[in-house]
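Peer 1: Can you read through this structure? Questions will come right after.
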Amino acid sequence: MKLSARNVWKGKVVEIELGSVNAVVKVDVGGIIVSSMITLDAVKDLGISVGSAVYTVVKSSSVILGVD
Amino acid sequence: MSAPKPADIVVEGVRKSYRGKTVVDVDRLELKAGRTLGLLGPSGSGKSTLLSMIGLLERPDAGTVSVDGREVNATDRQTRMSMAAAFQRPYLFKGTVGDNVAYGLRLRRVPASDTRDRVEAVLTRVGLQGWQDRSALTLSGGEAQRVALARALVLEPRILLLDEPLASLDPVMKWRLARDFARILREEGKTTLYVTHDQDEVLAIADDVAIMRQGRVVASGTGDQVFGLPADDWIAGFLGMEPSIRGRVLDVKDGVARVDCGGVTLYAVAPVAPGAEVLLGVRPEDVVLFEADAIVPLTSARNKIQAVVVQIDPSGSTYRVVIERGPVRIAAKISRSALVDLRLSEGTPVQALFKATAVRVAST
Amino acid sequence: MGIFIDAFRGGLAMLVSGAADVWTIVLVSVQVSGAAVLLALVLGIPIGFMLGTKRFVGRRMMLVIANTGMGLPPVVVGLVVAMLLSRRGPLGSLELLYSRPAMVIAQLVIAVPMVAAVSAAAVSAVPRELRLQARSLGASPLQVAIMTLREARMGLLASVAAGFGSIISEVGAVTMVGGNLAGKTRVMTTAIVQYTRMGDYGAALALAVVLMAMVLAVNILLTRVQQSAERYEQ
């Protein structure tokens, strides 16, 4: 499957913090924690919970670089 | 440097015409204390005239300019002294760089030793340390522009008015100065009006944005609001964006609205009521494209639509791919390698995926 | 050529020995033209500033008048001033005809349009944006005007030089209103005419040299002004 997003990483859900509309899902991608803000609806749909295997997709246009 | 409290400026009912032609007709525009308002518009839209009136350099035919809630005009010396401006072409006075920067301080009868220190400090700030004794008329465009900015900044004005200060520069110098301006304005925390016709400059420098067209302010708000969702088709075209999508809210569940857009259903996170007519927009940076026949697995992104590529434009080092499905037109910003991978061209069917939080919504 | 050599020798002797009447004539010339040019500045520069910076009804007309004034035939000026100051004229009661003030008035009339026109050109070369810039930095209208004149200083100097150069060389008007009275209203130009008529070439040539030196100095100044004219950068 080809998609335009340049960054696709497989990871494992380590935390789900539920809000009123959105949930912040923390995913361990090879030791790095990636946060994803998704709707509560999406959490239900995906049926994810802590420990679920997921893909994280990040468009390169959303990646900010910084230097020390 | 002890900076005075930034000012709050409100422009109300301001009109100005030249030879019977209305060039400015602004019902209301607000410059919030300590923030930079980027005033965008094509040339001839009245931005510079509006700046001149806010700067009390020109008298409006009607309407008022208020600073901190008090109406002001050109005879108000104290208010005029709290402002400083720099223009598109950095006109410098004959003499040295130091003379130029010190001009406003001398008008304010600042003592000579104090003047010297402040000139030195501000030149360092704009990256021209120790340039006091150079002749002002031998400078390059970029250097002159820095001197013009220093000449305004040295006054520690509460209100800074910048009219196309980068327009006459070459691209490299322009972006270097844009970065510097953004940094300086952020550090200074002044109320700034930044007039330009270049939206990238506004994105880099401004906190708030207003768009002018034929003398009127047709959009204003935070950068996110104005750029996120064009209020009408002209603004969309001016900003190089797709026109907003019109839709009607079907229902709202857990804060997620389901919106019918001429047969295409989109999901958005927005505080709207069922039945409401709304405008929708999606930031091109938030749209992911898939091959048309890919079986997209279940994702957290609420919006997945089948569409056709109708336009591909290079935009800097990336591409702007416009896709269409019925009345829904959405642009996606993708990299060159993604364009090649997906073998996109006009007419290629694709699937687009974007999050409900990426959809901006405004009520009509 | 003997006539030149003799005259030159005689004239040089007069200048070096400080022959009283020759230097008196030079002094009267400088006093009259100097006073006229100073008054012309006082009147001409504000007019030039207005013409060069403001937009108002009748401006174009005034510019035409100022430019025409630059080419005003001095004898016509002399005639009109003489008539005004003559015993039967409207200003006759002042009894100024055939006096230095009368000469100053005539030269003033010749110089004002010149100073106004040249300074208008100099001031209008200062970009409008620079005045706007000064205002935006807090300058009052008077301070903006001072800044503009400072920026135009080279051009203003040119107007002084041009005005002085033209009136000190002028002969017709000063004869008519001054009368060429020895020791009183006799200036270099009228004296040269007088001495030449009398065949006293030595004295005439001596004055001619002084006059030429002054005009040359003025022109050198003008040329330097033009060469050093700074231009506004992009």
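A short reminder: the numbers here are calculations on the coordinates, not readings from a lab. Bear in mind the structure is a predicted one, so any value in this text is a computation, not a measurement. Neighbour counts are summed over all protein chains in view; Cβ atoms, including those assigned to glycine, are modelled from backbone coordinates with ideal geometry.
Peer 1: Please name whichever of C:SER124, B:THR265, C:PRO101 sits farthest to the positive end of the charge dipole of the protein assembly as shown, dipole taken about the Cα centre and charges placed at Cβ: Lys and Arg +1, Asp and Glu -1.
Peer 2: C:PRO101
Peer 1: Quick one, what does Rg over Rh come out to for segment B:139-209 if you take C-alpha atoms and the Kirkwood Rh? Intermediate values should be presented prior to the final figure.
Peer 2: On the way: Rg = 11.3 Å, Rh = 12.3 Å.
My calculation of the ratio gives 0.92.
Peer 1: What FRET efficiency do you get for B:ASP61 and C:ARG150 if R0 is 35 Å and r is their Cβ-Cβ distance, rounded to the nearest 0.05?
Peer 2: 0.60
Peer 1: Give me the net charge for the shell around C:VAL144: Cβ to Cβ below 10 angstrom, other residues only, Lys and Arg +1, Asp and Glu -1.
Peer 2: Counting the neighbours of C:VAL144, the net charge comes to +2.
Peer 1: Quote the charge dipole size of the protein assembly as shown about the Cα centre in Debye, to the nearest 20; the model charges only the Cβ of Lys and Arg (+1) and of Asp and Glu (-1).
Peer 2: 1380
Peer 1: According to a simple spin-label model (label point 7 Å from Cα along Cα-to-Cβ), what is the distance in nm between C:ALA125 and C:PHE4?
Peer 2: 3.7
Peer 1: For segment B:1-45, what is the convex hull volume of its Cα atoms per residue in Å³?
Peer 2: With only Cα atoms used, segment B:1-45 gives 113 Å³ per residue.
Peer 1: A further question follows. Given H placed 1.01 Å from N in the peptide plane, which residues other than close sequence neighbours of A:VAL14 have an amide H under 5 Å from its amide H?
Peer 2: A:LYS26, A:VAL27, A:ASP28, A:GLY51
Peer 1: Defining a contact as two alpha carbons under 8 Å apart and six or more residues distant in sequence, what relative contact order in percent does segment C:42-115 show? Each step should come with its number before you reach the end.
Peer 2: Values: 51 pairs, mean separation 30.0, N = 74.
So the answer I get is 40 percent.
Peer 1: For B:GLU285, project a label point 7 Å along Cα to C-beta. Then give me every residue of segment A:33-68 with its amide nitrogen under 18 Å of that point.
Peer 2: So the set is A:35-38, A:57-67.
Peer 1: As an exercise, use a Förster radius of 35 Å and the Cβ-Cβ distance of A:VAL63 and B:ASP27 to find the FRET efficiency, rounded to the nearest 0.05.
Peer 2: 0.30
Peer 1: Each residue of segment B:6-13 in turn: what ³J(HN,Hα) in whole Hz from Karplus with 6.51, -1.76, 1.60 and θ = phi - 60°, glycine and Pro shown as x?
Peer 2: Once θ is set to phi - 60°, the couplings for segment B:6-13 become x, 9, 9, 10, 10, 10, 9, x Hz.
Peer 1: Kindly point out which whole DSSP H helices in chain C project their C-alpha atoms 24 angstrom or further along the helix axis while averaging a Kyte-Doolittle hydropathy of -0.5 or above.
Peer 2: C:20-53, C:100-124, C:201-227
Peer 1: Need one number: nm distance between label points at A:GLU17 and B:VAL310, each 7 Å from Cα along Cα→Cβ, rounded to one decimal.
Peer 2: If labels sit at A:GLU17 and B:VAL310, their model points lie 4.1 nm apart.
Peer 1: If you don't mind, another one. Any idea what Rg and Dmax come out to for the protein assembly as shown if you just take the C-alpha atoms, in Å?
Peer 2: Just the Cα atoms of the protein assembly as shown yield Rg and Dmax of 37.6, 125 Å.
Peer 1: Run the dipole for segment B:245-363 about the Cα centre, Lys and Arg Cβ at +1, Asp and Glu Cβ at -1, nothing else charged, and hand back the magnitude in debye, nearest 20.
Peer 2: For segment B:245-363, the charge dipole is close to 200 debye.
Peer 1: From other protein chains only, count the Cβ atoms within 10 Å of every residue's Cβ in A:28-41, then give the mean. All intermediate terms of the calculation are to be shown ahead of the outcome.
Peer 2: Working: counts 0, 0, 0, 0, 0, 0, 0, 0, 2, 4, 7, 12, 4, 9.
Average per residue, whole number: 3.
Peer 1: If each residue of separation counts as 0.36 nm, what is the full-extension length gain between B:VAL172 and B:GLN78 once their alpha-carbon separation is subtracted?
Peer 2: Contour length minus Cα-Cα distance gives 30.0 nm.
Peer 1: Let me ask another. Which percent of Cα-Cα pairs in chain A sits in each 10 Å bin, short to long?
Peer 2: Spelled out bin by bin, chain A gives 19, 47, 30, 4 percent.
Peer 1: Using R₀ = 25 Å, calculate the FRET efficiency as 1/(1 + (r/R₀)^6) where r is the Cβ-Cβ separation of B:TRP234 and B:ARG179; round to 0.05.
Peer 2: Computed FRET efficiency for B:TRP234 and B:ARG179 comes out at 0.25.
Peer 1: By per-residue mean of other Cβ atoms within 10 Å, what is the highest-first order of C:181-189, B:202-210, C:107-115, C:214-222?
Peer 2: Top of the packing list down: C:107-115, B:202-210, C:181-189, C:214-222.
Peer 1: Along the charge dipole of chain A, which of A:ILE16, A:ILE32, A:MET1 sits closest to the positive end, that is, farthest toward it, with unit charges on the beta carbon of Lys, Arg, Asp and Glu (+1, +1, -1, -1)?
Peer 2: About the Cα centre, the residue reaching furthest to the positive side is A:MET1.
Peer 1: Please enumerate, by chain and number, the lysines with C-alpha under 19 Å from the C-alpha of A:LYS59, excluding those fewer than 8 residues away in the same chain.
Peer 2: Excluding near neighbours in sequence, the set is A:LYS2, A:LYS10, A:LYS26, B:LYS304, B:LYS333, B:LYS355.
Peer 1: Follow-up question, since we're still on this one. Given the peptides B:322-330, B:280-288, arrange them by the average over their residues of other C-beta atoms within 10 Å, most packed first. Please list the in-between numbers first.
Peer 2: On the way: B:322-330: 18.7, B:280-288: 22.4.
Descending packing order for the listed peptides: B:280-288, B:322-330.
Peer 1: P(r) of segment B:9-238 in 10 Å steps, Cα pairs, percent per bin?
Peer 2: Histogramming segment B:9-238 at 10 Å steps yields 8, 33, 36, 19, 4, 0 percent.
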